[in-house]
Amino acid sequence: MNEELKLDTIGFPKTRATQLSDTLRQAIADGQFPPGSRLPSEAQLTQTHGVSRTVVREAIAALRSDRLVEARQGAGVFVLQATPSPPPFNLSLGHIDLARVSSMIELLELRTAVEVESAGLAALRRSPAQEEVIIDRHYAVRASLDANQPTSEADFALHLAIADATNNPRFREFLTMIGRNVIPRAALRGDHDDADQSAYINLLVEEHQAIVDAISDGDEEGAREAMRKHLRGSQLRYRNLLRAIREDNR
């Protein structure tokens with residue numbers, strides 16, 4: 001069994017559900033299952049890949065969360081069009097200058113208003129597969145830090161996983177609309193400086209841990225409070241940075 005264990009891109013073991021979802025995701029990307037086609041049945045996937053029905057269901061749930069497939073009652077699971085539908089709302093962020101610390105504080109305030117509720121809903125609504133993804137994404141941030149690699153992408157992926165666990169697609173749309181610059185240090189300093197901010201990122205990892213633990217425990221209010229503390233702490237740190245910049249410019 002151990003020799004079959006696969007690792008993710010940062011060296012953490014992949015679960016069987018993650019392995020299967022990755023296999024199916026790649027098959028979709030390669031055109032083996034084009035848009036509109038039906039995936040093999042649960043029984044076929046179980047037999048072909050030598051996994052349990054639970055593993056198959058969790059893998060399909062991950063693909064559904066990524067909006068790659070949809071289940072049609074009585075018909076099976078079908079591949080969706082690769083091109084995402086346009087968002088049903090339009091929020092212009094054109095006046096926000098992501099190179100300015102003050103703009104990042106504004107974004108953090110906006111995120112707090114949305115992501116506190118996102119964490120609470122995730123604690124209530126997450127599926128076992130979604131909870132697993134959240135935990136995996138959290139460890140990806142920690143592994144990137146330990147390897148002195150940029151953490152912005154992994155950090156953003158964690159927040160997206162929490163948004164997905166609300167099972168309300170508007171939360172993901174909101175974060176995707178803002179983009180990866182939703183992670184403050186990416187917008188202000190660039191990925192090449194992440195390795196120089198280990199103390200700062202260690203604190204973020206601790207804050208992430210509190211959020212993940214509360215969601216995993218189904219603690220709605222605890223998840224909200226942990227996310228609020230995380231984002232307000234980021235606001236405070238960047239306000240301190242803003243004051244330091246103003247002092248330097250005197």
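The values are calculated or read from the model by the stated rules, or taken from the named source; none is laboratory data. Note that the structure is predicted; figures quoted are calculated from it, not measured. Cβ atoms come from the backbone with ideal geometry, glycine included; neighbour counts cover every protein chain shown. All accessible areas refer to the heavy atoms of the entire protein, side chains included, with ligands and DNA or RNA removed. Shrake-Rupley method; radii C 1.70, N 1.55, O 1.52, S 1.80 Å.
Please work out the Kirkwood hydrodynamic radius for segment 20-60, using every pair of different C-alpha atoms, and report it in angstroms with one decimal place. Over segment 20-60, the inverse of the mean reciprocal pair distance is 10.4 Å.
In this structure, E221 and A113 have a Cβ-Cβ separation that, at R0 = 22 Å, corresponds to a calculated FRET efficiency of about 0.85.
Taking all protein chains together and a 1.4 Å probe, the residues D22, D155, D217 rank D217, D22, D155 from largest to smallest accessible area. Near V69, the amide H atoms lying under 5 Å from its own belong to R64, L80; only residues 5 or more places off or on other chains count, and H is placed 1.01 Å from N.
Residue by residue, segment 232-244 carries 3J(HN,Hα) couplings of 5, x, 5, 4, 4, 4, 6, 5, 4, 5, 4, 4, 5 Hz when phi is fed to the Karplus relation 6.51 cos²θ - 1.76 cosθ + 1.60 (θ = phi - 60°); x denotes Gly or Pro. Full extension of the chain segment joining T48 with A210 gains 54.4 nm, where the gain is 0.36 nm per residue of separation less the Cα-Cα distance. Given a Förster distance of 25 Å, report the FRET efficiency between F78 and T23 from their Cβ-Cβ distance, rounded to the nearest 0.05. Result of the calculation: an efficiency of 0.90. Between R170 and R239, the distance separating the two model label sites (each 7 Å from Cα on the Cα→Cβ line) works out to 2.9 nm. Residues in segment 107-114 carry Karplus couplings, in order, of 5, 5, 5, 5, 4, 4, 4, 9 Hz; the curve used is 6.51 cos²θ - 1.76 cosθ + 1.60 with θ = phi - 60°, and Gly or Pro positions show x.
Karplus-based coupling profile of segment 23-34, in residue order and whole Hz: 4, 5, 4, 5, 5, 5, 4, 7, x, 5, 10, x, with θ = phi - 60° in 6.51 cos²θ - 1.76 cosθ + 1.60 and x standing for Gly or Pro.
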